[in-house]
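Taking it in order: structure first as structure tokens, then the write-up.
The values are calculated or read from the model by the stated rules, or taken from the named source; none is laboratory data. Treat the numbers as computed from the prediction; the structure is a model and nothing was measured. Positions of Cβ are generated from backbone atoms using ideal geometry, with glycine treated the same way; all protein chains shown enter the neighbour counts.
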Amino acid sequence: MKTAVLPKGGLRRELALTLRVLSRNPSALGGAVIIGFMALMALTSGLLAPFDPITISLGDRLLAPGGVHLFGTDEMGRDILSRVMYGARISLRVGVMVVLFAGVLGSIIGAVAGYFGGRIDNLIMRTMDIILSFPSLVLAMALAAAMGPSLTNAVMAVAFVMIPKFARMVRGEALAVKELPFIAAARVSGAKDFWIIFHHLLPNCVNSVIVLATLVMGESILVAAALSFIGLGAQPPTPEWGAMIAVGRKYLMDQWWYATFPGLFILVTVIGFNILGDALRDVLDPRIRR
Amino acid sequence: MAGLTQDLLRIEDLSAEFRTYQGVAKVLNQVSLSLRPGEILGLVGESGCGKSVTARSILRLIPEPPFKITGGRILFRGRDVLKLPSGELRRLRGNSISMIFQEPMSSLNPVFTVGNQMMEVVNLHQRVGRTRAREICLEMLHQVRLPDADRILGKYPHELSGGMRQRVMIAMELSCRPDLLIADEPTTALDVTIQGQILTILAELTRRKGVSVLFITHDMSVIAQLCDRVAVMYAGMVVEIAGVRDLFAAPLHPYTRGLISSITGLEEETDHLEHIPGVVPSLIDPPGGCRFHPRCDQELDPCPRLAPRLIPVEPGHYLACHLYPG
Amino acid sequence: MSLTPVIEVSGLKKYFPAAAGWGRSAGLLKAVDGVSLRINQGETLGLVGESGSGKSTVGNLILRLVEPDQGRVLFKGRDLTFLKGPPLRQVRRKLQMVFQDPQSSLDPRMTIRKIVGYPLELNRLARGREALQRVIGILDEVGLGEEHLYRYPHEFSGGQRQRIGIARSLVTGPEFIVFDEPTSALDVSVQAQILNLILDLQKSHGYTYLFISHDLPVVRHVSHRVAVMYLGTLVETAPKKVLFAGPYHPYTQALMASAPKPDPLKRRNLAVITGDAPSSVNVPPGCRFHPRCPRARPVCSQEPPPDLKVGPEHTVRCHLYA
């Protein structure tokens, strides 16, 4: 029998306990450090970036890493380090927006499907299945292409593709939670179905949603970068990591630094999210939290 | 305690703790008890008293990182189980010491048929051909009064009811003629009519085969029906040990008295039930001295400071309480 | 105690489709198969049965947590069976339930204040300060204090959680409460506390109770009348003293005989019935109990037994007394 998750007395204490447990988990710490670093970079890029990411300086084209340009320069003479730093801001923003949009919408859809069951469940989940049957990148590409290439559209496309993940997961949780007696108690007290979904069901799915959100954030950054790479996402001169790799590809043989640094940052960021997500899953598992 | 050489199982001052995120829970505090050959000892207490932990410690079934035995000995036939090398411990399990649990599904593999699993157990202990092994299995099922034994061998565990699964477990665990059977709340999850059958089978088979039983339960009525002697636990300590008749006729420890009057009250036409006020204490921060003192209506001066030791107050009757200094 | 039936249930049936694993359907699980009973104002009807008897489903049917396939539920003469929407919610204030498992019957993410208070707000019975006062009042009645208001369920013991569950059921001012195995998940010493509380509340407020349990001594303590269920039907109903003094139905007799008594001097053979209860999917023909009945006769496997009155308020469904 599933027992409901036990929080430790209010949000603040729950947070404190989570942090305490996380701090003992080396991989969680690693993931948190990576993401913290990226977030810091994103937030302070305006202040700390040595150069403006957009200003062209044709005299400094394609300089190797060293001296004033730690990561070298691109074909327009722009400092790659500064561009990478600003790129962090873009990527993290993409991640957060996708997760917010897909997470909220997907969770509600999943909760409704799981709670009502029957035909509604069928209809919703079969729709989700259809979306899931496309490889996420391919579907995102199709959507982004249809909407027109821009970063905003890329975000929407990726969010759409991620909705079924949340829906499926929350539906599973809803199926278990709705059998618990406190849901029956709510009905006996006269609560309407949607009240129960929002006040009882969804709050009890929060832990799993957080874990999934962390993992999806990594994945969406990757997909958005891929979209930008093929020209469907961020447009030049936006310093998005994927877009930078797209251009840097041409120069890969002689100017390795151009594509390598943005690529490295994508890699590290996504790894960071995945590690943190996995650790969070272990930490938020109700059986371990006791 | 008397009869050192006679005890089959002897737990001496067993203490253990459990690491949790909220701190260290001192789940066992100097637990001592003994079991003689051929007797049924009941280990009774409410949730959190440590009875299950004690039982599982005998076979070292609790994973040691969060759990840690901090002191004491568990002597089985004179040898300290806690010091046995893992190979010998494994030989003990299922051979000399068997165990049945509350939920038999956890011991039966859902992807193999019952017959399959029973024959596997038989073959572990005796090398016999398939036909003979099947015969032995049928005989085992017959002993636990399962009708249609032939059909049952072909079924999967989830196709059987809880009562039937428990009987299969009993048959399997007794098939190798262990010296000691540990039964951890085997009937708690069963209906009362099925429980009646299981208890009868258990009593009959263990007597017939000379198996000693350590029977763990929270149900005093079952204790009254089945056991020869009883050990009562509270919050990780043993508070009283006595023969079953003595215990019910004249319980000495205030907790035992409270426990017994809570249920006997139901048998009579009383208006208001006796109850023990308060709640079971946290084991992370247990009360000092005697762990029961905050709820005890006969608290004395030494109770909050000094934990009472388990001492014999009458022949065969042991008590851990300051009310009865030895 | 007047003689107006607060609850009247007739011919209640609920069949569930039975899954047979791998998505195949294997017939119908006849959880409740024709149950009729009556509970009078201020009385406690104990509903006893083992697992699979359908007793919990009866409670759920009365409270419309589950829709009946057949039959009627009447509350003070008013037919509840087909009510929906606002009129159903109106009536829900008067009919409440206390659940078995204290741990999962409270939302772990809500404070006690919210758990006990939201029925008031949902039903627009009170808000803000007034609601808070009422919550404090109810908590006091069940033995909890103001200091408990903003804590979470996991900070309480099982017994305390059950008190919270009881408080929640009382806050809308009900007249009828279903207790579905309220003490089965509690320790014995706590069980006594809760049973005392339940009885005290009935004395001071005149509630009418349906007390569902498998535990005979507990039912005996709290009930005025007792109904015994087996495999979806009622086999015997009688005033408590009469039933426990001399049960008529062989199943009731077996139930009482298999219950161990807390007295080592009164040991006896507890294996009174053989075999297991059949599943409610394969209900035996005729009298459902006949395959396990020590006194079965040929007619028992052919015809379902009639309901027979064997005493004032005492009915038995058995061929032995025809």
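C:Asn123 satisfies every condition listed in (1) within 30 Å of B:Asp191 (Cβ to Cβ); (2) at pLDDT below 90; (3) within 7 Å of another protein chain (Cβ to nearest Cβ) except (1). Determine whether B:Ser107 is out of contact with any Ser or Thr (no Cβ under 9 Å at 6 or more places or on another chain), outside the structural domain of B:Phe215 (by TED's automatic domain parsing) and among the hydroxyl-bearing types (Ser, Thr, Tyr). Considered against the rule, which asks whether it is out of contact with any Ser or Thr (no Cβ under 9 Å at 6 or more places or on another chain), outside the structural domain of B:Phe215 (by TED's automatic domain parsing) and among the hydroxyl-bearing types (Ser, Thr, Tyr), B:Ser107 comes out as yes.
Give, as residue ranges, the helices (runs of 4 or more DSSP H) completely inside the stretch A:191-290 that count at least 2 residues that are of a type in the set (Val, Ile, Thr) and touching a residue at least 40 places away in the same chain (Cβ under 8 Å). Full working, then the answer.
Working: elements: A:193-196, A:202-229, A:241-248, A:257-284, A:286-289.
Hits in the stretch A:191-290: A:202-229, A:257-284.
If you go through the stretch B:158-200 and pick out every residue that is closer than 29 Å to B:Leu75 by Cα, touching an Asp or Glu at 6+ places or on another chain (Cβ under 8 Å), β-branched (Val, Ile, Thr) and outside any loop (DSSP other than H, G, I, E, B), you end up with 0.
The residues on offer are B:Arg291, B:Arg305, and the sole one that is away from every other protein chain (no Cβ under 14 Å), assigned to a loop (DSSP other than H, G, I, E, B), over 30 Å from C:Val222 (Cα atoms) and touching a Phe, Trp or Tyr at 6+ places or on another chain (Cβ under 7 Å) is B:Arg291.
The rows are residues; the columns are (1) surrounded by fewer than 23 Cβ atoms within 10 Å (Cβ to Cβ); (2) within 13 Å of chain C (Cβ to nearest Cβ).
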residue	(1), (2)
B:Glu173	yes, no
B:Ala183	no, no
B:Thr187	no, yes
B:Gln197	no, yes
B:Glu204	yes, yes
B:Gly210	yes, no
B:Phe215	no, yes
B:Met220	no, yes
B:Gln225	no, yes
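Could you check the stretch B:22-68 and list, in sequence order, the residues that are in contact with a helix residue (DSSP H, G or I) (Cβ under 7 Å, 6 or more places away or on another chain), more than 13 Å from every other protein chain (Cβ to nearest Cβ), over 30 Å from A:Ala16 (Cα atoms) and not in a loop (DSSP other than H, G, I, E, B)?
Pass one, the stretch B:22-68, residues in contact with a helix residue (DSSP H, G or I) (Cβ under 7 Å, 6 or more places away or on another chain): B:27-28, B:31, B:40, B:42-46, B:58, B:60, B:62.
Filter again for more than 13 Å from every other protein chain (Cβ to nearest Cβ), leaving B:27-28, B:31, B:43, B:58, B:60, B:62.
Subsequent filtering for residues that are over 30 Å from A:Ala16 (Cα atoms) retains B:31, B:43, B:58, B:60.
Across the stretch B:22-68, the qualifying residues are B:Val31, B:Leu43, B:Ile58.
Here is a yes/no grid of residues against (1) surrounded by 14 or more Cβ atoms within 10 Å (Cβ to Cβ); (2) over 23 Å from A:Val270 (Cα atoms); (3) aromatic (Phe, Trp, Tyr):
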{"residue": "A:Thr44", "(1), (2), (3)": "no, no, no"}
{"residue": "A:Pro50", "(1), (2), (3)": "no, yes, no"}
{"residue": "A:Asp60", "(1), (2), (3)": "yes, yes, no"}
{"residue": "A:Asn122", "(1), (2), (3)": "no, yes, no"}
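Annotation note: of B:Ile182, B:Ile223, the sole residue that is modelled with pLDDT of 90 or more, touching a strand residue (DSSP E or B) at 6+ places or on another chain (Cβ under 8 Å), more than 22 Å from C:Asp263 (Cβ to Cβ) and not polar (S, T, N, Q) is B:Ile182. Any residue in the stretch B:290-310 that is in the same structural domain as B:Gly258 (by TED's automatic domain parsing) sitting within a Cβ distance under 7 Å of a residue that is among the acidic types (Asp, Glu)? List the pairs, counting only those 6 or more apart or interchain. If the second residue must be among the acidic types (Asp, Glu), the pairs left are B:His293/B:Glu299.
Tell me, which strands (runs of 3 or more DSSP E) wholly within the stretch C:153-243 include 1 or more residues that are among the charged types (D, E, K, R)? Step through it out loud before you land on a result.
Working: elements: C:176-180, C:208-213, C:225-230, C:233-239.
Where strands (runs of 3 or more DSSP E) fall fully within the stretch C:153-243 and carry at least 1 residues being among the charged types (D, E, K, R), they are C:176-180, C:225-230, C:233-239.
Checked against (1) within 14 Å of chain C (Cβ to nearest Cβ); (2) surrounded by fewer than 20 Cβ atoms within 10 Å (Cβ to Cβ); (3) charged (D, E, K, R), B:Arg19 passes all but condition (1). Filtering the stretch B:180-200 to residues that are over 16 Å from B:Phe101 (Cα atoms) and touching a residue at least 40 places away in the same chain (Cβ under 8 Å) leaves only B:Gln197.
Restricting to the stretch A:167-190, name every residue that is at the interface with another protein chain (Cβ under 7 Å from one of its Cβ atoms), in contact with a Leu (Cβ under 9 Å, 6 or more places away or on another chain) and outside any helix (DSSP H, G or I). Spell out how you get there, then give the answer.
Residues of the stretch A:167-190 at the interface with another protein chain (Cβ under 7 Å from one of its Cβ atoms): A:180-182, A:184-185, A:187-190.
Those left that are additionally in contact with a Leu (Cβ under 9 Å, 6 or more places away or on another chain): A:181-182, A:184-185, A:187-190.
Correct list: A:Ser189, A:Gly190.
Of the residues making up the stretch A:57-86, those that are farther than 17 Å from A:Tyr251 by Cβ and under 31 Å from the mean Cα position of the chain (by Cα) are A:Leu70, A:Ser82, A:Met85, A:Tyr86.
Every residue, every condition in (1) outside the structural domain of C:Asp33 (by TED's automatic domain parsing); (2) without any contact (Cβ under 8 Å) to a residue 24 or more places away in the chain; (3) among the aliphatic types (A, V, I, L, M), yes or no:
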site: C:Phe244; (1), (2), (3): no, no, no
site: C:Thr252; (1), (2), (3): no, no, no
site: C:Ala257; (1), (2), (3): no, yes, yes
site: C:Leu270; (1), (2), (3): no, yes, yes
site: C:Phe289; (1), (2), (3): no, no, no
site: C:Cys300; (1), (2), (3): no, yes, no
site: C:Lys309; (1), (2), (3): no, yes, no
site: C:Thr315; (1), (2), (3): no, no, no
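When B:Met233 is tested against (1) more than 12 Å from chain C (Cβ to nearest Cβ); (2) closer than 21 Å to B:Ile97 by Cα; (3) not in a helix (DSSP H, G or I), only condition (2) is not met.
Listed here are the residues, each with its yes/no results for (1) within 12 Å of chain B (Cβ to nearest Cβ); (2) surrounded by 17 or more Cβ atoms within 10 Å (Cβ to Cβ); (3) closer than 23 Å to B:Gln166 by Cα.
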{"residue": "C:Ala227", "(1), (2), (3)": "no, yes, no"}
{"residue": "C:Gln253", "(1), (2), (3)": "yes, yes, no"}
{"residue": "C:Asn269", "(1), (2), (3)": "yes, no, yes"}
{"residue": "C:Arg292", "(1), (2), (3)": "yes, yes, yes"}
{"residue": "C:Glu303", "(1), (2), (3)": "no, no, no"}
{"residue": "C:Gly311", "(1), (2), (3)": "no, no, no"}
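I'd like to check something: does the stretch C:130-145 contain any residue that is within 14 Å of chain B (Cβ to nearest Cβ) and modelled with pLDDT under 95? So far as the stretch C:130-145 goes, yes, one or more of its residues are within 14 Å of chain B (Cβ to nearest Cβ) and modelled with pLDDT under 95. Considering the stretch B:262-280, and only residues there that are buried (at least 19 other Cβ atoms within 10 Å of the Cβ) and not β-branched (Val, Ile, Thr), the residue that is nearest to the chain's Cα centre (by Cα) turns out to be B:Ser262.
Hey, can you tell me all the residues within the stretch C:126-141 that are surrounded by 16 or more Cβ atoms within 10 Å (Cβ to Cβ) and either hydrophobic (A, V, I, L, M, F, W, C) or out of contact with any helix residue (DSSP H, G or I) (no Cβ under 9 Å at 6 or more places or on another chain) (or both)?
The first filter runs over the stretch C:126-141 and keeps only residues surrounded by 16 or more Cβ atoms within 10 Å (Cβ to Cβ), leaving C:126, C:131-132, C:134-136, C:138-139, C:141.
Matches in the stretch C:126-141: C:Ala126, C:Ala131, C:Leu132, C:Val135, C:Ile136, C:Ile138, C:Leu139.
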